[in-house]
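Before I ask anything, let me first share the structure, which is written out below as structure tokens.
The values are calculated or read from the model by the stated rules, or taken from the named source; none is laboratory data. The structure presented is a predicted model; accordingly, all values stated were derived computationally and were not measured. Here Cβ is always computed from backbone atoms with ideal geometry, including for glycine, and neighbour counts include all displayed protein chains. Areas reflect the complete protein model, heavy atoms only, side chains present, ligands, DNA and RNA absent. Shrake-Rupley method; radii C 1.70, N 1.55, O 1.52, S 1.80 Å.
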Amino acid sequence: MNVFFDVDYTILGTDYELRAGTADTFCRLVADGHEVHVWSGEGERHEVVRDLALEPYVSGVYEKPIGDDVRRLGDFGIACVPDFVVDDDPGIVAVFGGFHVSAFYSKATDDDEMEQIYRTICDVTEQGWSSNARWRPRHAEFERISAGRYRGRL
């Protein structure tokens with residue numbers, strides 16, 4: 001699967017610290033055969049990927065389309081369709097499907113979000129669904145809009 005992670009308040013806190021478990025989760029996803037991508041409404045965040053040593057795991061870094069998300073993927077150079085998104089914005093998750101993560105501002109010792117995300121992706125990969133209440137399937141409109149534009153890439 002093409003797994004897209006938001007940057008700000010999802011994997012990166014306001015203190016420029018990486019959310020606990022992020023690098024390990026990225027590593028495990030890649031080892032499982034997934035492609036990890038990062039995107040941000042703030043533009044391409046190559047410096048975050050580089051500074052926090054995520055380069056070995058990340059297949060693509062993009063600006064995230066905000067509004068009319070599906071139709072605008074190509075405008076942002078995103079050639080693949082996100083199969084699963086991880087974002088603190090429930091609207092993005094509602095469109096593409098994925099995991100609505102709690103906003104991350106700074107390190108917390110009890111933050112197990114990345115483990116929950118990894119297990120949810122494993123469930124979806126193996127079963128096609130997850131019992132995790134924070135997982136959302138793709139919106140039907142996504143399928144309709146993307147069918148012609150991304151035929152064969154889903």
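Among the residues of segment 36-47, are any at pLDDT 95 or above, in a helix (DSSP H, G or I) and over 29 Å from Gln127 (Cβ atoms)?
yes
Go through segment 44-71 and report how many residues are open to solvent by less than 60 Å² (accessible area, probe 1.4 Å) and within 19 Å of Ala94 (Cα to Cα).
Within segment 44-71, residues that are open to solvent by less than 60 Å² (accessible area, probe 1.4 Å) and within 19 Å of Ala94 (Cα to Cα) number 5.
Right, something else. Test each condition in (1) outside any loop (DSSP other than H, G, I, E, B); (2) of a type outside the set (S, T, N, Q); (3) under 12 Å from the mean Cα position of the chain (by Cα) for Asp75 and report the one that comes out false.
The number of the failed condition is (3).
Give the residues of segment 46-94 that are more than 24 Å from Arg134 (Cβ to Cβ) and among the aromatic types (Phe, Trp, Tyr), sorted by residue number.
Within segment 46-94, just Phe76 meets the criteria.
When the residues of segment 89-141 are filtered to those that are among the small types (Gly, Ala, Ser), without any contact (Cβ under 8 Å) to a residue 24 or more places away in the chain and assigned to a loop (DSSP other than H, G, I, E, B), which remaining residue is most open to solvent (accessible area, probe 1.4 Å)?
Across segment 89-141, the extreme among qualifying residues is Ser131.
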